[in-house]
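Step one of this worksheet: look at the structure below.
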Amino acid sequence: MKKLFLLFALFAVGLLASGQQLSFYRENITMKIQEHHFYVSGTYYFRVDQPGIKQLYYPFPVSDLFGNPDSVYLFDLTNNVPIEPTVSDSSGLLFLADFSKYPDLGIQISYRQPLLGSKAEYILETTKVWGKPFREATYQLIIPKSLIITRFAIVPDDFIITDQEKIYTWERYNYMPERNMVFEFSEEK
């Protein structure tokens with residue numbers, strides 16, 4: 001993790017020093033806990049002031065309660081092309097985003113992470129590195145009806161219960177996260 005975070009920090013410093021502006025201004029995330037796995041699928045929105053190819057970093061939560069992420073999928077929704085990571089390990093990945101044709105990109109990133117305990121986590125704190133809050137952010141967590149969330153690091157705004165699932169939702173505007181989304185859970189007995 002230190003290696004990828006160091007690469008990301010060097011990239012961010014180099015980008016700021018060059019005077020180029022890259023902003024991460026919106027995200028829409030769906031998370032699901034199912035059968036000892038944490039599924040994350042999100043659309044992330046970026047904007048640049050100068051066209052070109054930019055390198056981006058995407059972190060994964062690391063803990064002895066989490067296995068290594070697998071089934072990682074990246075797709076540039078704006079240019080309609082898959083993205084291959086340039087560097088990938090258990091703590092995150094680096095990838096290239098092509099802003100040559102469009103100043104705004106929507107990028108879909110999905111992964112599955114094994115849960116080795118009764119906790120799942122989605123990283124939000126790295127938003128501070130960008131220096132600006134999200135203009136808009138939406139999140140939903142879907143769990144089986146038999147699962148009980150015993151602790152939310154960020155209390156949901158709303159929830160619904162269907163015949164099979166519980167769905168928790170968050171909606172934020174001008175949002176600078178203070179903590180990661182952490183869910184501790186247990187099976188209903």
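Conditions (1) touching a residue at least 60 places away in the same chain (Cβ under 8 Å); (2) in contact with a Gly (Cβ under 8 Å, 6 or more places away or on another chain); (3) exposed (fewer than 13 other Cβ atoms within 10 Å of the Cβ), marked per residue:
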{"position": "Gly106", "(1), (2), (3)": "yes, no, no"}
{"position": "Gln113", "(1), (2), (3)": "yes, yes, no"}
{"position": "Gly117", "(1), (2), (3)": "no, no, yes"}
{"position": "Thr127", "(1), (2), (3)": "yes, no, no"}
{"position": "Arg135", "(1), (2), (3)": "yes, no, no"}
{"position": "Thr138", "(1), (2), (3)": "yes, no, no"}
{"position": "Asp157", "(1), (2), (3)": "no, no, yes"}
{"position": "Lys166", "(1), (2), (3)": "no, no, no"}
Original post:
Scanning the range 19-47 for residues that are of a type in the set (S, T, N, Q) and farther than 16 Å from Ile83 by Cβ, which turns out most open to solvent (accessible area, probe 1.4 Å)?
Top reply: Gln21
Original post:
Going by the conditions given, is Val81 more than 30 Å from Ile161 (Cβ to Cβ), of a type in the set (Val, Ile, Thr) and free of Cβ contacts under 8 Å to residues at least 40 places away in the same chain?
Top reply: yes
Original post:
Does Phe185 satisfy the condition of being over 25 Å from Leu93 (Cβ atoms) and open to solvent by less than 50 Å² (accessible area, probe 1.4 Å)?
Top reply: yes
**OP:** Filter the range 20-71 for residues that are aliphatic (A, V, I, L, M), under 17 Å from Gln113 (Cβ atoms), in a strand (DSSP E or B) and more than 12 Å from the chain's Cα centre (by Cα) and give the result.
**Re:** Ile33
Original post:
Restricting attention to the range 48-83, which residues are buried (at least 16 other Cβ atoms within 10 Å of the Cβ) and charged (D, E, K, R)?
Top reply: Lys54, Asp76
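The values are calculated or read from the model by the stated rules, or taken from the named source; none is laboratory data. Model, not experiment: these values are computed from the prediction. Every residue, glycine among them, receives a Cβ derived from its backbone with ideal geometry; neighbour counts consider all protein chains shown. Just the protein is used for accessible areas: all its heavy atoms, side chains included, with ligands, DNA and RNA removed. Shrake-Rupley method; radii C 1.70, N 1.55, O 1.52, S 1.80 Å.
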